Amino acid sequence: QAKSSAPGHCSYFSHELNQAVMARQKLERALQEAIETNQLNLVYQPQVNIDDGSLYGVEALARWQHPELGFVSPGEFIPLAEESGLIGRLTQWALTTACQQMAQWRANQVAVPVVSINLSPDNFHSRDLCQTILAELSAFNLQPSDILLELTEGVLLDTNPNTMKTLHEIHSHGIGFSLDDFGTGYSSLSYLRQLPIKELKLDKSFVKDLELSKTDQALSHAVIQIGQSLNLKVVAEGVENQAQLAVLREQGYPIAQGYLFARPLAPAELEAWLERSPVNAG
Ligand code: C2E
Ligand code: MG
Ligand code: MG
Ligand code: MG
């Protein structure tokens, strides 16, 4: 009796679905425009050497402030970019912007040792990713060691034949990789043998309750052991308080990143943060 196929009696559900599809298409068009018109920007979060508080490097993180929609989080627009085929252009934009910023810091003698840039698995499908990166480095007169590329375990689960080839090609030019969100993927540890990585990032989900949870402490300990045995730098992300930092220091973590030190900062804010930093002030 609830059947209504007559025109004008379109079901509640299909109406809802239609709304959702339209909203998504609208956001997709807005994102494309944002990339093309430079509406996105990068903020930079310090990564600190736990030993002495000096700057190890910064991670570049994308931000989107839309004139009408307001702030859209990367947790929303990065997956959208990946699903809608915009991620190639977004990454190209991020590479250019981060390299340009790094060159400017170099020119102004702002001591930022290295900038980490996040890549998506799909970026490795493109045959010219390596050329794109080399072109940016040369355009801004940077060395391969001035940047680090963050990838996630998703890259390893990818069966696209181009992925491993591209990864090794980039590595052969002296550009380093960092394995982001380590411990949250579904791949086995054996891939660590095949991957040309120089850094692991302990995922922030393990750090969140680190000072309280013996289980998380055991896991973070296991990760630093793996990192040390394989001669990798290990960064703990999401460090928010001194108690977490104390555990990490005790376990031998060399590098930490998180709100305890600084939020992701606009370039001018990062410069001010560096000037206030005890290492530089002292
Ligand atoms: P991610 O690469 O793992 O970046 C770390 C995230 O943790 C960032 O979230 C950062 O703002 C946040 N964070 C930093 N310190 C703390 C802390 O102490 N506590 C907590 N709770 N969070 C902290 P954000 O900026 O929202 O980015 C989310 C994700 O979006 C990133 O995770 C990354 O996967 C992706 N993303 C951001 N920018 C880009 C980009 O330019 N390209 C690509 N492909 N992905 C990006
Ligand atoms: Mg990252
Ligand atoms: Mg991460
Ligand atoms: Mg992530």
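The values are calculated or read from the model by the stated rules, or taken from the named source; none is laboratory data. The model shown is predicted, which means the values in this text are computed figures rather than measured ones. FYI the Cβ positions are ideal-geometry reconstructions off the backbone, even for glycines, and counts take in every protein chain you see. These area figures cover heavy atoms from the full protein model, side chains too; ligands, DNA and RNA do not enter into them. Shrake-Rupley method; radii C 1.70, N 1.55, O 1.52, S 1.80 Å.
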- [ ] Sort out for me the Cα centre separation of the range 96-119 from the range 74-92, rounded to whole Å.
- [x] 22 Å
Open item on the list: At 1.002 mPa s and 20 °C, plugging the Kirkwood radius over alpha-carbon pairs of the range 20-78 into Stokes-Einstein gives what diffusion coefficient in µm²/s?
Closed with: 161 µm²/s
TODO: Using just the helices of the chain, give the 222 nm mean residue ellipticity in deg cm²/dmol: DSSP H runs with n ≥ 4 each add -39,500 (n - 2.57), and the total is spread over all residues, rounded to 500.
DONE: -14000 deg cm²/dmol
Open item on the list: Compute the angle between helix 161-172 and the longest alpha-carbon principal axis of the chain, please, reported from 0 to 90 degrees and rounded to the nearest 10.
Closed with: 30 degrees
Task: Partners for LYS233 among aspartates and glutamates (Cα-Cα distance below 20 Å; same-chain residues under 8 apart left out) - done: ASP51, ASP52, GLU59, ASP146, GLU150, GLU153, ASP180, ASP181, GLU199, ASP203, ASP216, GLU250
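For the chain, would you read off the P(r) tail past 36 Å as a percentage of all alpha carbon pairs? Before the final figure, lay out the partial values.
Details: 8368 of 39621 pairs.
Pairs farther apart than 36 Å: 21 percent.
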Task: Net +/- balance of residues flanking ALA111 in space, Cβ distance below 11 Å, scoring K and R +1, D and E -1 - done: -1
Task: Built amide H within the under 5 Å cut-off of GLU59, gap 5+ - done: GLN45, GLN47, SER116
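Counting only C-alpha contacts under 8 Å and six or more residues apart, can you give the relative contact order of the chain as a whole percent? If you can, show how the numbers build up before the last one.
Working: 410 pairs, mean separation 50.0, N = 282.
Relative contact order for the chain comes out at 18 percent.
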Task: Long-range HN-HN contacts of ILE147 with modeled amide H, under 5 Å - done: VAL115
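Restricting to bridges with both residues inside the chain, how much of the DSSP beta-bridge set is antiparallel, in percent to the nearest 5?
Taking every DSSP beta bridge within the chain, about 40 percent pair in antiparallel fashion.
Looking at the square roots a ≥ b ≥ c of the eigenvalues of the Cα gyration tensor of the range 159-200, which shape do they give, rounded for a/c under 1.5, prolate if a/b is larger than b/c, or oblate? All intermediate terms of the calculation are to be shown ahead of the outcome.
Numbers: a/c = 2.14, a/b = 1.32, b/c = 1.62.
Note, shape of the range 159-200 comes out oblate.
Counting only heavy atoms of protein chains, what accessible area per residue, in Å², does the chain have with a probe of 1.4 Å? Mind showing how you got there, number by number?
Working: 14780 Å² over 282 residues.
Here the per-residue accessible area is 52 Å².
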Task: Sites matching chymotrypsin sites (Phe, Trp or Tyr not before Pro) across the range 136-230 that sit in DSSP coil, with at most 16 neighbouring C-beta atoms within 10 Å - done: TYR186
Task: Reach of LYS165 by Cα under 21 Å, taken over lysines that are not fewer than 8 positions away in the same chain - done: LYS198
Open item on the list: Can you tell me which of SER73, SER178, SER205 moves the most in a GNM of the chain? Springs connect C-alpha atoms under 10 Å apart.
Closed with: SER73
Open item on the list: How large a share of the accessible area of the chain, in percent, is made up of carbon and sulfur atoms when the probe is 1.4 Å and the other protein chains stay in place?
Closed with: 52 percent
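Within the range 240-282, list the chymotrypsin sites (Phe, Trp or Tyr not before Pro) lying in a DSSP loop whose Cβ has at most 14 other Cβ atoms in a 10 Å radius. Walk me through the intermediate numbers first.
Numbers: sites: TYR259, PHE261, TRP273; in loops: TYR259, PHE261.
Within the range 240-282, the qualifying chymotrypsin sites (Phe, Trp or Tyr not before Pro) (loop, at most 14 other Cβ atoms within 10 Å) are TYR259.
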TODO: Quick one: what are the phi-derived ³J(HN,Hα) couplings along the range 53-67, Karplus 6.51/-1.76/1.60 with θ = phi - 60°, whole Hz, x for glycine and proline?
DONE: x, 6, 7, 8, x, 10, 9, 7, 10, 7, 10, 9, 10, 8, x
- [ ] Could you state the angle between the C-alpha long axis of helix 267-276 and the longest principal axis of the C-alpha atoms of the chain, as a value from 0 to 90 degrees rounded to the nearest 10?
- [x] 30 degrees
